[in-house]
Amino acid sequence: MGLNIVLFEPEIPQNTGNIARTCGAIGATLHLVHPLGFELSDRYLKRCGLDYWHLLEIKEWPSVENFLSFHPTSPLWFFTTKAPQLYSEVSYGEEAYLVFGKETRGIAESILINNWQQCVRIPIRGEARSLNLSNSVAIGAFEWERQHHFAGLKEKGELSQGGLKWVK
């Protein structure tokens, strides 16, 4: 149960490292679907994930087809610039798989056509092609968290100087 972030064939290690950090910070499982455009030992990947790797569960899949065949009834949501419905207009269940395509091409149109009702988009200007992958993942992930009342996440911050506390 819970939130799952799925990356189909990610190409840029820094994006995947940033996404890993987000997943570690919110307790989401990260699914990496091969082929990857980098090695998991890549120093840029590790650097962007900082010291969050121990907080993270990573699952690897040999191919998109393998991942999809293993999840025939899972609640998959495909993020694409081509969808008519907004990511904020759907209700994400307790378990959700937010699926994102590779940076250069997104998700294959054949997959989108076969899953049209589960396709969502983040609105952007018409002149723009897309958002950065790690930003898109963060937007989708925090919408899931918002819909689930940020359960299990830190409720408030604390100031570090002088013992000051936020007052409601």
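Only one of (1) within 18 Å of residue 14 (Cβ to Cβ); (2) at pLDDT below 95; (3) under 16 Å from the mean Cα position of the chain (by Cα) is not met by residue 38, so which one is it?
Unmet condition: (3).
Restricting attention to region 137-145, does a residue exist that is among the aromatic types (Phe, Trp, Tyr) and either in contact with a His (Cβ under 7 Å, 6 or more places away or on another chain) or within 14 Å of residue 4 (Cα to Cα) (or both)?
yes
Just to be sure, is residue 29 at pLDDT 95 or above, within 17 Å of residue 144 (Cβ to Cβ) and touching a strand residue (DSSP E or B) at 6+ places or on another chain (Cβ under 6 Å)?
The answer is yes for residue 29.
The values are calculated or read from the model by the stated rules, or taken from the named source; none is laboratory data. Note that the structure is predicted; figures quoted are calculated from it, not measured. Reconstructed Cβ throughout: ideal geometry from the backbone, glycine too, with neighbour counts over all protein chains shown.
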